[in-house]
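Colleague: Submitted below is the structure of interest, expressed as structure tokens.
The values are calculated or read from the model by the stated rules, or taken from the named source; none is laboratory data. Since the model is a prediction, treat every value here as computed from it, not as a measurement. Don't worry about glycine lacking a Cβ; one is built from the backbone with ideal geometry, like all the others, and counts go over all protein chains shown.
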Amino acid sequence: MSTYANVNFLTSAATAGQFVADTGREVAFAGRSNAGKSTAINAVTGRSRLARVSRTPGRTQLINFFEVGPGRRLVDLPGYGFAKVPHAVRDRWHALMRVYFERRESLVGLVLIVDARRGLGDLDRAMLDWALGRDRRAHVLLSKADKLGRQESVRVLRATEAECAGTGIGVQLFSAHERQGIDAAQDVLAQWLEGDREPT
């Protein structure tokens, strides 16, 4: 049975005024447009079609809110990076995410999806900085780990852990295709969403 058997789509927001009520606790998912973010969300929720997966990077152009329990939400943020969209549209995405991080009080943590073959990029680091700047938790899923050999996977993991050392950011290997790291990611979400205190 899925950990999130009763997950429900709430709304898609193009502006801050369309966000759901800023109460309870929520965890945001972010990543480059081709990092496998939607696939990761579907894998950790056990719902194959919850987040829209496309062969064309950058299809998530809105902030999508999903309820996983009373006052508990997952938030799918717009992808960034290689999306083949007009610059004006991309700028609106980034501005919307900036507002989200600066104002959202119910945000307790960020799950950042990073293609293990690429490692952390500048935009990934900016997302982590936004989260840490608000004193929020962060966890990196090194996705598509099945596309690397064991030694290379370990090398990327260790390099990313070293870069995040001293920040409290968690790092793990992840592969939705091989179902690698799904339980560990679910444990992180459960800890964040069911914490014993409300976010400050």
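Colleague: For V156, are the conditions met, namely being under 20 Å from Y80 (Cβ atoms), in contact with a helix residue (DSSP H, G or I) (Cβ under 9 Å, 6 or more places away or on another chain) and surrounded by 20 or more Cβ atoms within 10 Å (Cβ to Cβ)?
Modeller: no
Colleague: If you take the residues in segment 51-81 that are modelled with pLDDT under 70 and within 17 Å of the chain's Cα centre (by Cα), which one is nearest to W192 (Cα to Cα)?
Modeller: Checked segment 51-81; the qualifying residue nearest to W192 (Cα to Cα) is A51.
Colleague: Here is a follow-up. Which members of segment 123-157 meet the condition of being more than 19 Å from R104 (Cβ to Cβ) and among the acidic types (D, E)?
Modeller: Selection gives D124, D146, E152.
Colleague: Can you give me the number of residues within segment 84-101 that are within 17 Å of the chain's Cα centre (by Cα) and at pLDDT below 80?
Modeller: Count: 2.
Colleague: Identify the residue in segment 72-125 that is among the acidic types (D, E) and touching a residue at least 40 places away in the same chain (Cβ under 8 Å) and, among all such residues, is surrounded by the fewest Cβ atoms within 10 Å (Cβ to Cβ). Even if it seems obvious, please write down each step before you answer.
Modeller: If we filter segment 72-125 for residues that are among the acidic types (D, E), which is where we start, we get 76, 91, 102, 105, 115, 122, 124.
Retained after the next criterion (residues that are touching a residue at least 40 places away in the same chain (Cβ under 8 Å)): 76, 105, 115, 124.
Details: D76: 23, E105: 12, D115: 19, D124: 23.
So, considering only residues that are among the acidic types (D, E) and touching a residue at least 40 places away in the same chain (Cβ under 8 Å), the one surrounded by the fewest Cβ atoms within 10 Å (Cβ to Cβ) is E105.
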